[in-house]
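Only one structure is covered here, and it is reproduced in the block below.
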Amino acid sequence: MGTQAKTNACRMLDKLGIAYTLHEYEWDEDQLDAGTVAGKVGIGIDSMYKTLVLRGDKTGVLLACIPGGKELHLKALASVSGNKKVDMVPVKELQALTGYIRGGVSPLGMKKNYPLYLERTALATEPVSISAGRRGLQIFLGGKDLAAAADAIPADITH
């Protein structure tokens with residue numbers, strides 16, 4: 001995997017004995033969107049999962065992991081997570097909350113365990129691609145393995 005040390009997300013999967021592959025790509029500050037990254041690692045947009053960090057009015061911080069080609073349905077996420085409303089966390093708070101920066105937020109290996117709501121379609125997707133926890137590095141793994149590793153709550157949260 002080049003000269004890069006393994007990320008927390010990789011170490012977590014290793015510890016759980018879950019198979020994955022790593023895919024490096026050249027990243028650009030202005031092209032961190034799922035479509036661009038999917039093209040760079042050679043995977044379809046619906047297999048490229050992005051991790052969003054939100055705050056619920058009742059539960060506090062939570063995560064949503066959804067396919068790159070879809071939009072998060074805020075009302076659906078609020079409903080399934082026991083909140084009246086959820087809002088995206090400001091980018092400037094990402095690192096303090098998760099240990100990760102924009103474009104490198106992995107649903108695995110965060111510095112705190114937040115509830116993760118995973119778009120249900122991931123369970124039937126092989127492989128899914130998620131951030132390995134830094135820009136320029138993606139993990140490919142089975143959708144069911146991602147759900148198990150992240151202790152995710154499968155839900156219909158996109159539209």
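Some observations on this one:
- Counted as qualifying within segment 63-144 are the strands (runs of 3 or more DSSP E) with 2 or more residues that are within 18 Å of V37 (Cα to Cα) and modelled with pLDDT of 95 or more, namely 128-134, 137-141.
- Pair list, Cβ < 6 Å and 6+ apart or interchain, from segment 48-66 residues that are touching a residue at least 12 places away in the same chain (Cβ under 8 Å) to residues that are among the aromatic types (F, W, Y) and in a loop (DSSP other than H, G, I, E, B): V61/Y114; L62/Y114; L63/Y114
- Applying a threshold of 6 Å to beta carbon distances and a minimum spacing of six or more residues, or different chains, the list of pairs starting in segment 21-40 at a residue that is over 14 Å from G104 (Cα atoms) and ending at one that is assigned to a loop (DSSP other than H, G, I, E, B) and of a type in the set (S, T, Y) reads K40/Y25.
- Those residues of segment 2-52 which are small (G, A, S) and surrounded by 13 or more Cβ atoms within 10 Å (Cβ to Cβ), in sequence order: A9, A34, A38, G39, G44, S47
- Cβ pairs under 9 Å, 6+ apart, first in segment 95-114 and on the phi > 0 side of the Ramachandran plot and surrounded by 14 or more Cβ atoms within 10 Å (Cβ to Cβ), second in a loop (DSSP other than H, G, I, E, B) and of a type in the set (V, I, T): G109/T7
- Annotation for segment 46-54: at least one member residue is over 20 Å from G104 (Cβ atoms) and either out of contact with any Phe, Trp or Tyr (no Cβ under 8 Å at 6 or more places or on another chain) or of a type in the set (A, V, I, L, M) (or both).
The values are calculated or read from the model by the stated rules, or taken from the named source; none is laboratory data. Predicted model, so just to flag it, every value in this text is computed and none were measured. Positions of Cβ are backbone-derived with ideal geometry, glycine not excepted, and every protein chain shown enters the neighbour counts.
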